Structure formats: C-alpha cells, structure tokens
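Scroll down for the structure; my scribbles are underneath it.
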Amino acid sequence: MTRELGFVIVGCGMIARFHARALAEVPGARVKGLVSRSTEAARKMADELALTGAGLFTDLAQAIAQPGVDVVIITTPSGAHLEPAKVAARAGKHVVVEKPLEVTTARCDELIEACNSSGVLLGAIFPSRFGDANRELKAAVEAGRFGRLTLAETTCKWWRSQAYYDEGGWKGTKALDGGGALMNQAIHNVDLLLWLMGPVDSVGAHVATLAHERIEVEDTAVACLRFKNGALGVIQATTSVHPGFPKTIAVHGDGGTALVEQDDLVHWTFRDETPRDNEIRERFRQKTGASGGASNPAAISHEGHARQLRDFAQAIRSGGKPVVDGREGRRAVELIEAIYKSASTGSFVRL
C-alpha cells in the first residue's frame with residue numbers, strides 16, 4: 001500500500017491552485033495545510049478546490065507542526081522562496097519550490113545548502129521537462145540523432161497587459177520578481193535549452209522595457225549563446241508581443257532538426273531516418289494548439305506539475321533523487337543572471 005504523503009502549500013495565489021490540482025492526481029498525496037498571510041485567501045482557495053481537511057494557517061511553523069506533514073510546496077513570490085524553504089528544511093520537511101528556485105544564484109545556493117544540511121530533498125518546478133514532445137527531443141539528443149549539434153533556439157514571445165503588472169503588487173519588481181520576461185516567463189525555455197544542449201560557455205545579450213510602464217524589469221530580451229559543446233544558441237523572451245504566441249524550442253545539427261511548439265512536435269527530420277520516426281510524427285500529427293499562457297497566465301495545464309510531483313513523491317518513497325533537484329533549478333537562474341550582466345555591461349559574459 002502506498003504511504004500517504006502530507007503536503008503543505010505556502011502561498012495561495014494562482015500557481016498554488018495548479019499545485020493543488022496536480023496533487024489530486026498524485027497517488028497517496030494529500031493537502032494537509034494552506035499557508036497565506038491572509039486567512040481569507042487560504043479559505044477562498046480551500047473552498048474553490050474543495051480541499052476538505054486542509055488546515056488554514058498564517059504561520060508556516062504551525063502548519064508543519066501538524067502530524068503527517070512530509071513536504072512543503074513554496075508558491076510565494078519568487079524573491080520570497082528562501083525564507084520559508086529554510087523553515088521547512090530545518091523542520092525536516094522535503095521542499096518543492098515553484099520556478100525560479102530563487103531570484104539570484106546566491107539565494108539559490110543558500111536554499112540548496114539549507115536542504116542539504118537538513119538531509120531533505122529539494123525539487124525545482126520545471127514541468128516542461130515532463131512534456132511528451134520535449135522528452136522525445138531529449139532522447140533524440142542523447143542518442144546522437146542530430147549528429148554534430150550546431151544551433152539551438154527558443155522563443156517565448158508572450159504578451160502581458162499593463163494591468164497584469166499593476167495589479168500584481170510584486171510583479172515587475174527586481175526584489176520579488178528578480179527579472180522580467182526572462183526570469184518569470186521564459187525561464188522554462190532557458191531550462192529546456194540547458195537540459196537539451198548542456199552548459200553555456202559565453203553569452204551576449206540586450207534587454208529593454210518597451211511596452212510597459214512602472215516596472216523595474218525587462219519586457220523584451222534577446223541573447224546569443226555559445227555552448228561548451230561548440231554549438232550556438234538564441235533566446236528571445238518577451239511580454240511585449242501582442243497578442244502572444246506559443247513558446248518554441250528547436251534543436252539543429254548536421255544530422256537533423258526538430259521543433260517543438262508549446263507541447264506540439266511540429267518538425268522532426270533526420271538524415272538517417274528510422275521506422276520509429278514515422279511513428280513519432282504520426283503520434284504528434286494532431287496538434288493540441290495549446291496557448292500555454294501566451295497571453296493569459298492562467299491558460300496552462302497542470303499535467304506537467306502532476307507528472308513532476310509524482311516523480312518527487314516517488315523519490316521520497318524510494319530514497320532516490322527527483323529528476324529536477326535544486327542544483328538543476330539553479331542552472332537557469334545562473335544563465336539568466338549572466339544575460340542580465342551582459343546586457344548591463346555591453347560585453348560577452350563567460351560562465
């Protein structure tokens with residue numbers, strides 16, 4: 001029989017609801033508590049999702065003092081992940097952190113060390129890695145199907161209204177958002193690029209705020225990369241492109257090309273074709289057409305979260321390691337920091 005795992009969710013905003021819906025699809029998982037600065041916000045979320053039996057708290061320490069709490073999921077503003085993570089780790093609770101892990105590598109390192117010192121697992125939420133099309137892409141890279149990797153590119157040409165930033169309170173601030181289109185929206189693309197292509201050697205970039213007012217961060221960014229394997233890469237990230245378009249990631253080599261648009265595999269061609277290539281193309285022939293939050297941040301599926309949380313639960317039960325741990329989560333923040341540094345200095349930055 002699967003041992004029940006008790007989860008406490010810290011923060012009761014939009015993304016917390018995705019985690020709660022995802023946990024409903026994780027065998028043996030139960031939401032034991034919701035933590036928010038506002039009891040009313042926690043109650044609203046509990047009622048909305050019928051989280052019967054979940055305690056409502058304004059203090060994390062009290063929430064995790066309940067019997068049967070194993071994991072704390074942190075969905076607070078990005079720059080406020082470290083503090084609750086440390087409270088949870090010191091109490092011996094495993095920790096899952098919504099992206100980004102934190103808003104600087106220094107804070108990421110402190111968070112990782114807190115979990116390591118307490119001997120608890122740390123997971124960084126990057127659900128795009130669990131998508132079927134992206135997994136096929138990863139398998140093809142690892143199998144050497146592309147030959148010599150030459151170029152990788154990713155786009156996150158999304159749109160956010162001025163109201164999105166004005167009503168969020170913390171959104172668009174350096175302290176709590178950590179950055180703009182790169183750190184908040186396109187960090188999933190950045191993670192996929194690193195996962196597929198490996199570490200980056202150097203980066204040059206420009207960032208700008210072109211379509212919004214009263215924000216401290218970029219709404220438009222471009223970066224060019226040289227990977228340590230010699231391949232080149234391009235990142236485009238915006239919240240300034242109306243009406244917004246599905247995110248893409250493409251891998252090219254002298255032996256093949258593949259392109260994923262949101263969760264759809266739209267191009268799959270190799271010099272040395274196999275019978276399975278036709279099966280893959282047929283499998284993905286019917287496009288889902290998902291927007292993935294291109295213009296509406298709530299228009300995403302929780303399936304990726306469910307798959308990742310199932311993996312995390314399995315790691316706890318088996319004594320293993322989650323697919324995306326804290327060090328994996330740190331890599332995207334490190335690259336984005338380098339992009340910001342390049343943009344501010346006008347020079348290429350070596351990692």
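Label sites at ALA139 and ASP59, each approximated as a point 7 angstrom past Cα along Cα to Cβ, lie 5.1 nm apart.
With respect to the chain, whose longest principal axis is taken over its alpha-carbon atoms, helix 39-48 is tilted by about 70°. Anisotropy class assigned to segment 199-351 is rounded, per the alpha carbon gyration tensor with a/c under the 1.5 cut-off.
Given the rule -39500 (n - 2.57) for each run of at least 4 DSSP H residues, summed and divided by the residues of the chain, what is its mean residue ellipticity at 222 nm, to the nearest 500 deg cm²/dmol? Mind dumping the intermediate values first?
Details: 12 runs with 126 residues, N = 351.
Value at 222 nm, helices only, nearest 500: -10500 deg cm²/dmol.
Looking at segment 243-290, the trypsin sites (Lys or Arg not before Pro) that sit in a DSSP loop and have at most 13 other Cβ atoms within 10 Å of their own Cβ are ARG271, ARG285, LYS287.
From least to most packed, judged by other beta carbons within 10 angstrom and beginning with the fewest, ASP166, ASP264, ASP47 follow the order ASP47, ASP166, ASP264. The angle between the Cα long axis of helix 14-23 and the main principal axis of the chain comes to about 80°, on a 0 to 90 degree scale. Using DSSP to call loops (not H, G, I, E or B), can you name the GluC sites (Glu not before Pro) in segment 18-69 whose Cβ has at most 16 other Cβ atoms within 10 angstrom? Sites meeting the loop and neighbour criteria: GLU25. Amide H contacts of VAL72: VAL8, HIS94, VAL95, VAL96, each under 5 Å away and 5 or more positions distant or on a separate chain (H built 1.01 Å from N in the peptide plane; Pro and chain starts excluded).
When exposed loop sites are taken as chymotrypsin sites (Phe, Trp or Tyr not before Pro) in a DSSP loop with at most 16 other Cβ atoms within 10 Å, the longest stretch of the chain clear of them is 171-347. Using a simple spin-label model with pseudo-atoms 7 Å out from Cα toward Cβ, ASN278 and ARG37 lie 6.0 nm apart. Averaged over all directions, how much area does the convex hull of the C-alpha atoms of segment 83-165 cover when projected, in nm²? The number I arrive at for segment 83-165 is 8.8 nm². Summarising the label geometry, the points placed 7 Å from Cα in the beta-carbon direction at GLU48 and GLU110 lie 3.0 nm from one another.
Which entries in LYS93/LYS171; LYS93/LYS174; LYS93/LYS321; LYS32/LYS93; LYS99/LYS228; LYS174/LYS228 show an alpha-carbon gap greater than 21 Å?
Values: LYS93/LYS171 28 Å; LYS93/LYS174 29 Å; LYS93/LYS321 15 Å; LYS32/LYS93 13 Å; LYS99/LYS228 25 Å; LYS174/LYS228 30 Å.
Listed pairs above 21 Å: LYS93/LYS171; LYS93/LYS174; LYS99/LYS228; LYS174/LYS228.
The length gained by stretching the chain between ARG21 and ARG148 to full extension, at 0.36 nm per residue less their Cα-Cα distance, is 41.6 nm.
Within 14 Å, Cβ to Cβ, of VAL207, how many net charges do the neighbouring residues add up to if Lys/Arg are +1 and Asp/Glu are -1? Taking every other residue near VAL207 into account, the sum is -3.
Quick check: net charge around PRO67, other residues with Cβ under 15 Å of its Cβ, Lys/Arg +1 and Asp/Glu -1?
Working: positive: ARG3, ARG30, LYS32, LYS93; negative: GLU4, ASP70.
Its environment carries a net charge of +2.
Against the chain, whose longest principal axis comes from its Cα atoms, helix 187-197 is set at around 50 degrees. Here the chain carries DSSP beta bridges of which approximately 60% are antiparallel, counting only pairs with both residues inside. Among LEU335, LEU82, the ranking by other beta carbons within 10 Å of each residue's beta carbon, starting with the fewest, stands as LEU82, LEU335.
Each reported figure results from applying straightforward, stated rules to the coordinates on display, with no laboratory input. Computed from a prediction, not measured in an experiment: that's the story for all the values here. Glycine gets a Cβ as well: all are built from the backbone with ideal geometry, and neighbour counts include every protein chain shown.
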